[in-house]
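Chemist: Here it is, the structure, as C-alpha cells.
The values are calculated or read from the model by the stated rules, or taken from the named source; none is laboratory data. Computed from a prediction, not measured in an experiment: that's the story for all the values here. Positions of Cβ are backbone-derived with ideal geometry, glycine not excepted, and every protein chain shown enters the neighbour counts.
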Amino acid sequence: MRKYTALMLAAALALGATAAWAAPEFSKVGFSGMQFLKIGAGARGTAMAGAFTAVADDATALYWNPAGIARLRTIDAAFCHTNWLVDINNEYIACVFPGGMLGNFGISASFLSMGDMQRTTIDDITTLAREDEGEGLPTFSSSDVALGLTYARSLTNKFSLGVTAKYVREKIAEMSAGGLAFDVGTHYLTGFKTLRIGMAIVNYSGEAGFSGPDLEREIGDTSWPSNYTGSQWEIKSQSFPMPLQFKIGMAYDFKYGSDHVLTTSGELVHPNDGSEKVLVGLEYAWKNPIVSLALRGGYKYDPDWYESKGGADNMSAGMGVSRRFGASKISVDYAYTNMGYLDNVHRFSLGLGF
C-alpha cells in the first residue's frame, strides 16, 4: 500500500509539472516587494537549482523548508556569501539547536548590501551645480535584512512540521518598509525506500509600504506671516505583498554500495509574483567515515523567461567537500548559476556540525 501511495504522489507531481511547463498567458512579475527573500541560501541547495524542499537536511533548511531541521541530532551551522548581481552582496547565517523531546530550534539572518549610489534630482537653475548629475548632493545606499526564529518537530517517525517567524526590513535612502512574515513546512518519509516529500509555504505576510523622511516635505511661502511655519505633507507609497511561494517537492536517493549516493530531486513552485516554476536537481556524493566529496547540478524552468531564454539560462552547478573530526564536521561548498543576460552568480558556503 505504501508503495502505491508513493507512486500516486509521484504521478501527481509529474502531472503538475507538465501543466506548469506550458507558456504562460499572464504573469504577475513585479507584483511583490522584498525580492531579496528569493535569492536562495547556501551553495548546496542553489547548486541543485533550489530543488531542495524535500532534501532540506542541514542548517540551510531554515530557508528552504523549516521542517527539515526536525531530524537533525547535532548543532549545525551554515555561513553563506553570495556575489549577487551588479555588485550586490548577500550574507546568510543559520544555526540549528537540537532540543530532544521538545523539538529543534533554529535562528537565521539574511543581509543584503550594496555600494553607495549618487543621488540626483531636477537641476536647480539658480545654482552653478548640476543637481541632475549629482553635483553637491549626498550619496545614498540600500540594504535589506531578514531575521528568523524557527521551531520544528517530528510528529511521527515519518512526518515533521516546522514553522519560522521572521522580521523583514528593506531600506532605500531614508525610506524603509518592514513587517512580519511566516514560513510553514512539512517533510514526509513515504516508507518507499528513500522517497520523501517536502512542502512549504514561505513569506506568508500582510502588505508593507515605504515611509520615512524622503517622503516628507514642508510647504512654506515668504509672504506668509512669520509665526506661520508652513504645512507638513507626506507622499503615501503603495503597499505591496512579500514574495509568497507554495512549494512541493520530492527526493529520492540511489545508493551504489556504501560509499556512493545519487540524490535526485524535483520541485514545483507556485509564486504570487510570476508563473509556476519547475526545478530539478542532482547531487552525487562519495562518502566515507572521514571525507565526503559531492558534485551537484540543477535546472530551473521559468516561463517568465520564455521569450528571451537561452539554452544555459537558469542552469546551476557546484561542488563540495566535507571532513569529519570525531563528532564534529566542517564542509565547504561552491555554487555557480547562469543568469542569462545578467551576471553569473557565485556562492560560497561554510558548514559546521558539532
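Chemist: Within the stretch 246-291, can you find the residues that are without any contact (Cβ under 8 Å) to a residue 60 or more places away in the chain, under 18 Å from A56 (Cα atoms) and polar (S, T, N, Q)?
Modeler: Result: T264, single match.
Chemist: Can you name every one of the strands (runs of 3 or more DSSP E) wholly within the stretch 148-220 that holds 1 or more residues which are touching a Lys or Arg at 6+ places or on another chain (Cβ under 7 Å) and of a type in the set (A, V, I, L, M)? Quick ask: steps written out before the conclusion?
Modeler: Details: elements: 159-172, 175-189, 196-205, 216-219.
Answer list for the stretch 148-220: 159-172, 175-189, 196-205.
Chemist: Suppose we keep only residues that are of a type outside the set (G, A, S) and surrounded by fewer than 18 Cβ atoms within 10 Å (Cβ to Cβ) within the stretch 172-187. Which one would you say is farthest from P98 (Cα to Cα)? Show your work before the answer.
Modeler: Quick first cut of the stretch 172-187, residues of a type outside the set (G, A, S) only: 172, 174-175, 180, 182-184, 186-187.
When the remaining residues are screened for being surrounded by fewer than 18 Cβ atoms within 10 Å (Cβ to Cβ), the result is 172, 174, 180, 182, 184.
Numbers: I172: 37, E174: 40, L180: 25, F182: 21, V184: 19 Å.
It comes out as E174.
Chemist: Tell me which residues, restricted to the stretch 245-262, are at pLDDT below 95 and of a type in the set (F, W, Y).
Modeler: Residue satisfying the conditions is Y256 alone.
Chemist: Check L13 against each of (1) within 14 Å of A251 (Cα to Cα); (2) modelled with pLDDT of 50 or more and name the one condition it does not meet.
Modeler: Of (1) within 14 Å of A251 (Cα to Cα); (2) modelled with pLDDT of 50 or more, only one is false for L13: (2).
Chemist: Do you know which residues across the stretch 132-167 are touching a helix residue (DSSP H, G or I) at 6+ places or on another chain (Cβ under 7 Å) and aliphatic (A, V, I, L, M)?
Modeler: The answer is L137, A146, A152, L161, V163.
Chemist: For the structure I just gave you, tell me whether E131 is over 21 Å from V86 (Cβ atoms), touching a Ser or Thr at 6+ places or on another chain (Cβ under 8 Å) and acidic (D, E).
Modeler: Numbers: over 21 Å from V86 (Cβ atoms): yes; touching a Ser or Thr at 6+ places or on another chain (Cβ under 8 Å): yes; acidic (D, E): yes.
Yes: the conditions hold for E131.
Chemist: Turning to a different aspect of this structure: When you scan the stretch 263-276, do you find a residue that is touching a Ser or Thr at 6+ places or on another chain (Cβ under 7 Å), buried (at least 18 other Cβ atoms within 10 Å of the Cβ) and polar (S, T, N, Q), even just one?
Modeler: Let us first name the residues in the stretch 263-276 that are touching a Ser or Thr at 6+ places or on another chain (Cβ under 7 Å), namely 267, 272-275.
Those left that are additionally buried (at least 18 other Cβ atoms within 10 Å of the Cβ): 267, 273-275.
Those still in the list that are polar (S, T, N, Q) too: 275.
Within the stretch 263-276, one or more residues are touching a Ser or Thr at 6+ places or on another chain (Cβ under 7 Å), buried (at least 18 other Cβ atoms within 10 Å of the Cβ) and polar (S, T, N, Q).
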